[in-house]
Amino acid sequence: MAFSLRRRLVGQLLVLAAVLALVLSLAVRIGAERASEATLDAVLGAAAQGLAEEMRAEEGGVVIDMQPATFSMLAAMGEERIFYRVDVGEVTVTGYGDLPLPGMLPSALAPVFYTVPFRDAEIRVAAVARSLRVDGRASPVLVLLGQTREGQGAIASRLGLQAAGLGLAVFLAAIPLALLVARSLTRPIDRLAEAVGRRGPRDLRPVRHPAPRELVPFVTALNSFIGRLRGTLSQTETFIAEAAHHIRTPLAVMRNEAELALRQSTEESTRARLRGLIRSADDAARSAGQLLDHATVLYRADQADWAKLDLAAMTRAVATRLAPAAEMKDMDLALDIPAVLTCEGDAVLIEAALRNIIDNAIKYSPPDSVVEVSALATDRMAVVAVADRGRGLGQAEPARLLHRFRRGDNVGDVTGSGLGLTIVEQAAGAMGGTFRLRAREGGGTCAEFCLPLV
């Protein structure tokens, strides 16, 4: 089953677009989560530093000034729970004494951030260290400020949805782009196919149509095939011509020798045999001629040499050549042909068709009868009609007699190959014409060979 290159290319582009959209959405989500975490850490660290800076030492202890602004910064991040712990020395002076300490103590006022589970929640803690002089000696102070991150989870979910929406939008935008790219990439192939398809049946020139670099090997292989085909067709035409010569010439020589022997012979039995030999030679020549005509028609059907031709003159010429055969049966050829009747076709095909039509009419007509050959122009067609008063079509359908080797049921005693009407029908079809066969009232047959007028 043939596959579509365009569909495959579109599919691959869409798969690539889907992967890129997924990577983009993940990158946006991860980047947004990290950015929001960094923002929240900066706010949490600033609040912890503000809390540590508001501490001061007084006589007999440490004063912690819980400024509302310190916690208002955290409240702005959403409805979160806040935990704090203040250690002076190694003693917790306020806050939640079980709030876990960091694994590495901070230095100076640079906060240290860590995440720990606490009170059935996961909290983010900022630890800030400073030093105060209490009772005349320096005492280390550690401030821990923690906050739940439920708001951050909501923000992350919202950003994730936005990232997914962005990825979907990118994928949807990639669909028409993939179609445009696929069409653009396959357009040179379509143009090349169109250029080759416009050629006529005799156009066997090499393909010179501009092609992309990727199609150059294909065009080269196609030109090589065309060259081989041109050589094969030339050999076929030569073979047909040589076969016609090598078959007809020996038959003609044999017939002449038999006629000469018939004149010189006096024995009646020998003369009867020679007459049979002459009839056999005539039948063989006729059959060989029709077989060669059929082969010629099949060959030239795809290699027709189109030209403007005078169908009237060709019909008169063929009728003149076949007139001796009609005279031998005491028959008349009645011609009703205009001076000029121009059509377009192939001279070899037209001559083969006319010869077989008129020859059939003569062969199947009784002696002392008339074969009427007429030509006229009607309905944009040039029509050559050959009418006789012969045996007619019998019980056979006209369409059946156009098949190869099919003959009527009333001509068994007449030698024939069953190819004559087939040759005419194929020749007419190759030139865009038609061939009609019908019975005449009162007996006989009318054959109409039609070709397009110029």
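Within the chain, what's the longest stretch lacking chymotrypsin sites (Phe, Trp or Tyr not before Pro) that sit in DSSP loops with no more than 16 other Cβ atoms inside 10 Å? Write down the numbers at each step before the final one.
Values: sites that count: Phe3, Tyr96, Trp306, Phe405.
Counting only loop sites that pass the neighbour cut-off, the longest clear stretch is 97-305.
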Next on the checklist: Counting other C-beta atoms within 10 Å, and keeping those with at most 15, which DSSP coil trypsin sites (Lys or Arg not before Pro) do you find in the range 105-146?
Outcome noted: Arg119
Checklist entry - How big is the C-alpha Rg of the chain next to the rule-of-thumb value 2.2 N^0.38 Å, as a ratio? => result 2.29
Checklist entry - For the chain, what is the percent of antiparallel DSSP beta bridges, rounded to the nearest 5? => result 90
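For the chain, what is the calculated [θ] at 222 nm in deg cm²/dmol (nearest 500), taking -39500 (n - 2.57) for each run of four or more DSSP H residues and dividing by its residue count? Don't jump to the answer; show the numbers that get you there.
Values: 8 runs with 235 residues, N = 454.
Counting only the DSSP helices, I get -18500 deg cm²/dmol.
With N set to the number of residues, divide the alpha-carbon radius of gyration of the range 159-251 by 2.2 N^0.38 Å and report two decimals.
Numbers: Rg = 25.9 Å, N = 93, 2.2 N^0.38 = 12.3 Å.
Here the Cα radius of gyration is 2.10 times the empirical estimate.
Quick one: net charge of Ala334's neighbours, Cβ under 15 Å, K/R +1, D/E -1?
Details: positive: Arg316, Lys329, Arg389, Arg440; negative: Glu327, Asp330, Asp332, Asp336, Asp368, Glu372, Asp388.
Within the 15 Å Cβ shell, the charges total -3.
Below 11 angstrom from the Cβ of Ala163, what's the summed charge of the other residues (Lys, Arg +1; Asp, Glu -1)? Walk me through the numbers before you get to the answer.
Working: positive: Arg29, Arg158; negative: Glu33.
Charge balance in the 11 Å sphere: +1.
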Checklist entry - When you take every Cα atom in the range 111-151, what is the radius of gyration, and what is Dmax, the widest Cα pair distance, in Å? => result 13.9, 44
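Rule-of-thumb check for the range 101-180: C-alpha Rg over 2.2 N^0.38 Å?
On the way: Rg = 22.8 Å, N = 80, 2.2 N^0.38 = 11.6 Å.
It is 1.96.
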Checklist entry - On average, how much accessible surface per residue is there in the range 1-54, in Å², for a 1.4 Å probe, leaving out ligands, DNA and RNA? => result 63
Checklist outcome for this item: Computed over the chain: longest principal axis from alpha-carbon atoms vs helix 216-264 long axis, angle to nearest 10 degrees, is 10
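GluC sites (Glu not before Pro), restricted to the range 419-454: which are DSSP loop and have at most 12 other Cβ atoms within 10 Å?
Values: sites: Glu425, Glu441, Glu448; in loops: Glu441.
Of the GluC sites (Glu not before Pro), the ones in loops of the range 419-454 whose Cβ has at most 12 other Cβ atoms within 10 Å are Glu441.
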Checklist entry - Nearest 10 degrees, 0 to 90: what angle lies between the long axis of helix 150-197 and the longest principal axis of the chain (Cα atoms)? => result 20
Checklist entry - Relative to the first principal axis of the alpha-carbon coordinates of the chain, what is the inclination of helix 5-53, with its axis defined by its Cα atoms, in degrees from 0 to 90 and to the nearest 10? => result 10
Checklist entry - What net charge do the residues around Ala52 carry, taking every other residue with its C-beta under 13 Å from that of Ala52, with Lys and Arg at +1 and Asp and Glu at -1? => result -1
Item to check | Computed lengthening from Arg133 to Ser269, 0.36 nm per intervening residue step minus Cα-Cα distance | outcome: 33.3 nm
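The values are calculated or read from the model by the stated rules, or taken from the named source; none is laboratory data. Keep in mind that what you see is a predicted model, and the values were worked out from it rather than measured. Cβ: placed from backbone, ideal geometry, glycine included. Neighbour counts: every protein chain shown. Heads up: the accessible areas ignore ligands, DNA and RNA and are worked out on the full protein's heavy atoms, side chains in. Shrake-Rupley method; radii C 1.70, N 1.55, O 1.52, S 1.80 Å.
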